[in-house]
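Here, each number is a calculation from the coordinates, and none is a lab measurement. Quantities reported herein were computed from a predicted structural model and do not represent experimental measurements. A quick note on method: Cβ atoms are made from the backbone with ideal geometry, for glycine too, and the neighbour counts reach across all protein chains shown.
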C-alpha cells in the first residue's frame, strides 16, 4: 500500500537523493534541466509516494513552461526507488498527478522520455514542439488534458518566468 502526498520542504533532500540514485550522474546537465533553472516547480503537483513503513518509494515533479505562447507543464523527473520498481509506483504517481493537473486547470503536459512507457498514460509524440538541444525530437511527448489542447501549439519550449 502506498501513501501519496504533496512533497514538502522536509522531503526535498530525500527526493533529491532518490533522483541521484535513479538517474545517471550528471542528470542536471540534461537539456531539460535548462528549463528548470531559476524556476520553482509547480508545488501542488510535486508528489511523493511512501510505503507503509514510511520509506520513500517514488517522486514526481512538474515545472511550468511555455511552448510558443501556450502554457504547459513539463513532467519530470519521475523516479521510483530501485527496491520498489515493477510495483506500479511510477504509474500511480503519473496518473494521480495528471488528474490533479487537469483539476487545477492545466491543459497540456509534455516530457522527454521513452514512448513505449508513456504511451499507456496517453502521451504521444509531439512533432511541432522543440525542446532545447541536444534533445532527441523522437523523445518529446505530450498529453492533452483537455480536448485539442495541442491544436495550433508549436514552437520552442522555454521556461515560464
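Report for region 2-159 the percent antiparallel among DSSP-assigned beta bridges with both residues inside it, nearest 5. DSSP beta bridges in region 2-159 are roughly 90 percent antiparallel. Semi-axes of the equivalent ellipsoid for region 73-142, computed as √(5λ) from the eigenvalues of its C-alpha gyration tensor and ordered from largest down, come to 21, 17, 10 Å.
The ranking of 100, 110 from fewest to most other beta carbons within 10 Å of each one's beta carbon is 100, 110. Cβ crowding within 10 Å, taken as a proxy for footprinting-reagent exposure, orders 11, 37 from fewest neighbours to most as 37, 11. Take the Cβ atoms of residue 21 and residue 124, set R0 to 30 Å, and the FRET efficiency comes out at 0.50. Taking other C-beta atoms within 10 angstrom as a stand-in for reagent exposure, 135, 99 fall in the order 99, 135, fewest first.
Between [x] 2, 5, 4, 4, 4, 4, 4, 4, 3, 4, 3, 3, 3, 3, 3, 3, 3, 3, 3, 3, 2, 2, 2, 2, 2, 2, 2, 2, 2, 2, 2, 1, 1, 1, 1, 1, 1, 1, 1, 0; [y] 1, 9, 19, 23, 22, 15, 8, 3, 1, 0; [z] 1, 8, 12, 14, 14, 13, 11, 8, 6, 4, 3, 2, 1, 1, 0, 0, 0, which entry matches P(r) over Cα pairs in 5 Å bins from 0, in percent as derived from the coordinates of this structure? This structure yields the entry labelled [y]. Label-to-label distance, residue 151 versus residue 12, with points set 7 angstrom from Cα along the beta-carbon direction: 4.2 nm.
The sum of -39500 (n - 2.57) across all DSSP H runs of n ≥ 4, divided by the residue count of the chain, sets its helix-only mean residue ellipticity at 222 nm to -5500 deg cm²/dmol.
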